[in-house]
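The structure appears right after this line, and notes come after that.
Values quoted throughout were computed directly from the atomic coordinates according to the rules given, and no laboratory measurement underlies them. Given the structure is predicted, the values throughout are model-derived calculations rather than measurements. Cβ: placed from backbone, ideal geometry, glycine included. Neighbour counts: every protein chain shown.
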Amino acid sequence: MAVGGEHYVNIERHPEVIMPHRANRIHHRLLGPLLLLLALFWLFQAAPARAAEDDTYDQDSVLQAAVEFFGQTTEGLAKVIEKAFKEQGRPVGYIRGEEVAGAITVGLVYGQGDLTMKNGTTAKVYWQGPSIGFDLGLNASKVFVLVYNLKDKERIYQRFPGVDGSLYWAAGVGMNYQRRDDIVLAPIRLGVGWRAGASVGYMHYTRDRRWLPL
């Protein structure tokens, strides 16, 4: 219909003329909240991953710490750390320590070290346990222990059984796993150290030095 040279459309007779515009406005009103919900969902999903990364060590940092601790870098050291990351993931901390082991067939292992966690927690740790050795006399060696799933440092002070079949050796560097519940420890030893601790049935970690491996 034309009035005064202008054209008008009867909306009641031709609703399709205005409905697309109304639909576009509705879509625009819904798009904002939808995008906000998607952004919040992404943030909630990403937050635990970022928190896990903040509280754990990456592979390069662990390798560098191990190299500085042992005073040397070897192909075997890089391989065992790579294996630990592939099987256990990112550790929450590590222990740098020294131990003495002595055995003809059956003997004992005594050690002490410092626990360092990514969240800044530190603690002094002692350990003792039985071993089956290969060398006559005493062997003193360094040990670098990767620590997994330890949320409270106090939980390190308990007995950790060795995981059967977990011993891995590469170019003079040895590693095995010890597990208690969800906590996993991965001692890494070089040279004669890995042989002295190769057949450890369990290791008891304590707050103070003890002579009986109970």
- prompt: If you add up the charges near Gln158, with Lys and Arg at +1 and Asp and Glu at -1, over every other residue whose beta carbon is less than 15 angstrom from its beta carbon, what do you get?
  reply: +3
statement: Under the Karplus relation with 6.51, -1.76 and 1.60 and θ = phi - 60°, whole-Hz ³J(HN,Hα) for the stretch 61-76, x at Gly and Pro, equal 5, 5, 4, 5, 5, 5, 4, 5, 6, 6, x, 7, 10, 9, 4, x
field: Approximate spin-label separation Ala171-Thr122, in nm, with each point projected 7 Å along Cα-to-Cβ
entry: 3.2 nm
task: Under 22 Å Cα to Cα from Lys83, which lysines show up? Leave out anything in the same chain fewer than 8 places away.
output: Lys118, Lys142
Charge sum, other residues only, whose C-beta stays under 10 Å from Phe70's C-beta, Lys/Arg counted +1 and Asp/Glu -1: +2
